[in-house]
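Asker: The structure that follows is given in the form of structure tokens.
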Amino acid sequence: MRCSFDDIALFRGLRRATGSVMLNIALFGPPGAGKGTQSAALVKRFNLCYISTGDLLRQELAEGSKLGTDAREIIASGGLVSDEIIVQILEKTIAANPTANGFLFDGFPRTAIQAYILEGLMTKLNTSLDCLINLEVPVEESLRRLIERGKSSGRSDDNETVIRNRLKEYHDKTLPVLDFYEQKGVRVDVDGTQDIETVRDEIEKIARTQYSKRPVGVVVFGYPGSGRGSQAKALAKEFGLEFVATGRMLEEEMAADTGVGRKVRALYESGQLVPDEIVIPLIERRLENSEGVRGFIFKGVPRTLVQSYILDGLMKKHDCPISKVLEIEVPMLQLVERLDQRSRTKRCMPYDNGTDKIVRRLRDHEVKTIPVIEKYEQVHGVTKIDGTGSFEQVFAVCAREVSSLFQVGGRL
Ligand code: AMP
């Protein structure tokens with residue numbers, strides 16, 4: 001059976017949002033620290049959605065909107081616009097970019113309340129701020145730079161009186177925000193008085209480190225006998241990922257002779273799939289007990305469309321999208337040969353000790369799991385791996401695919 005989807009476009013639209021790992025950064029520092037200049041390179045490098053509250057306010061002003069009109073005077077005096085106005089313009093921009101790979105905030109958060117607003121906005125997107133990069137520039141240097149910029153920027157707030165007020169606002173209301181991020185452990189300081197290129201390189205290095213810290217989700221598909229289990233296990237070891245193999249978790253339940261284990265044994269012996277009511281809570285428990293891991297590699301799950309929807313939700317909850325899907329392909333005849341051989345060795349599993357069970361498992365994959373792979377093809381993209389070579393040959397190809405996730409741009 002092949003599954004058809006009426007609205008493939010919907011899945012395509014979701015592809016970037018579900019397949020990539022978000023990177024969220026805030027550039028912090030006094031007016032004139034170089035936040036705008038540095039943002040441009042960072043946005044390009046990591047394909048981020050740039051949000052400068054200052055730019056957004058200037059846009060509202062230019063359009064003569066109600067928000068812009070309300071903010072006009074305060075901007076002209078160098079004061080901080082109210083948090084109510086800021087939250088509205090932010091929400092609008094974030095909502096307009098649902099598939100962003102991440103956000104770069106420039107000039108936000110500028111008050112303690114805005115720090116909480118940012119938390120709320122990130123939580124709503126099931127993500128968080130990875131780091132706040134603090135560009136350190138002394139007041140006299142900011143003043144000098146802004147006066148210089150005022151000669152050509154055309155910004156009405158780049159004149160000395162207003163600049164002094166902006167710097168005072170920064171000192172009184174914005175600087176204390178640093179403590180909030182210090183406590184969260186996401187503040188990183190950069191000497192903003194260095195030349196532009198040096199600052200840019202330092203910022204990029206910080207962003208790259210953050211990026212590689214984000215957990216990844218890898219799913220390995222393949223028919224029984226394709227080698228998906230041994231490959232996934234070896235990949236988990238190689239890349240330090242949590243190996244989530246439902247078969248193995250079920251075996252642990254059986255070994256411990258739990259209530260779940262006894263039910264599973266009966267199903268295994270008849271070669272049937274274990275129902276979702278049993279499998280899903282085990283996966284959920286596993287994800288919950290794996291805080292701070294580099295990522296997960298799934299084998300044997302999702303096996304059905306229902307499981308795929310549940311897994312997508314669980315992964316989203318853990319801010320760990322499915323970033324790579326591999327399908328190990330082996331011709332049917334070879335699969336049957338491999339499974340038959342295995343059934344005569346010590347590695348024989350209770351579910352493959354007879355032709356009827358082997359056939360049933362192959363058919364289950366065909367009927368229930370192939371539609372999942374087709375859905376994943378639309379949503380995340382599936383990398384097909386030729387599984388007919390030696391273990392080492394297949395592993396080399398799989399490992400190349402997984403390692404690309406840890407390079408900058410590999411998940412974008
Ligand atoms: P900027 O371009 O970031 O220097 O911002 C220019 C002006 O816009 C500031 O002096 C403030 O009046 C206003 N503004 C920009 N961002 C914020 C913010 N997050 N909170 C309050 N006011 C802001």
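Asker: Please determine whether any residue of region 167-180 is more than 19 Å from PRO31 (Cβ to Cβ), assigned to a helix (DSSP H, G or I) and under 35 Å from the mean Cα position of the chain (by Cα).
Answerer: yes
Asker: While we're looking at this one, here's another question. Give me a count of the residues in region 111-133 that are assigned to a loop (DSSP other than H, G, I, E, B), closer than 16 Å to LYS316 by Cβ and among the polar types (S, T, N, Q).
Answerer: 3
Asker: Could you run through region 65-120 and say how many residues are of a type in the set (A, V, I, L, M) and within 11 Å of the ligand (Cβ to nearest atom)?
Answerer: Selection size over region 65-120: 15.
Asker: Do you know which residues across region 229-287 are in a loop (DSSP other than H, G, I, E, B) and at pLDDT 90 or above?
Answerer: Passing the criteria: GLY240, LEU241, ALA256, ASP257, THR258.
Asker: Just to be sure before I move on: is GLN341 in a helix (DSSP H, G or I) and out of contact with any Lys or Arg (no Cβ under 9 Å at 6 or more places or on another chain) in the structure I sent?
Answerer: yes
Asker: Continuing with the same structure: Suppose we keep only residues that are buried (at least 19 other Cβ atoms within 10 Å of the Cβ) and at pLDDT 90 or above within region 35-48. Which one would you say is nearest to the chain's Cα centre (by Cα)?
Answerer: So the residue we want is LEU48.
Asker: Hey, another quick one. So, in region 139-167, of the ones that are basic (Lys, Arg) and within 11 Å of the ligand (Cβ to nearest atom), which residue ends up farthest from GLY78 (Cα to Cα)? Walk me through it before giving the result.
Answerer: Of region 139-167, the ones basic (Lys, Arg) are 144-145, 149, 151, 155, 164, 166.
Subsequent filtering for residues that are within 11 Å of the ligand (Cβ to nearest atom) retains 149, 155, 166.
Values: ARG149: 16, ARG155: 11, ARG166: 5 Å.
For region 139-167, the residue satisfying everything is ARG149.
Asker: Given the criteria within 36 Å of the chain's Cα centre (by Cα) and surrounded by 20 or more Cβ atoms within 10 Å (Cβ to Cβ), does LEU314 qualify?
Answerer: So LEU314 does not fit the description; no.
Asker: Starting from region 75-97, take each residue that is under 15 Å from TYR116 (Cβ atoms) and list its partners that are crowded, with 20+ Cβ neighbours inside 10 Å and among the charged types (D, E, K, R), counting only C-beta distances under 8 angstrom and pairs at least six apart or across chains.
Answerer: ILE86/ARG110
Asker: Could you tell me whether VAL274 is without any contact (Cβ under 8 Å) to a residue 40 or more places away in the chain and surrounded by fewer than 17 Cβ atoms within 10 Å (Cβ to Cβ)?
Answerer: The answer is no for VAL274.
The values are calculated or read from the model by the stated rules, or taken from the named source; none is laboratory data. The structure presented is a predicted model; accordingly, all values stated were derived computationally and were not measured. Glycine gets a Cβ as well: all are built from the backbone with ideal geometry, and neighbour counts include every protein chain shown.
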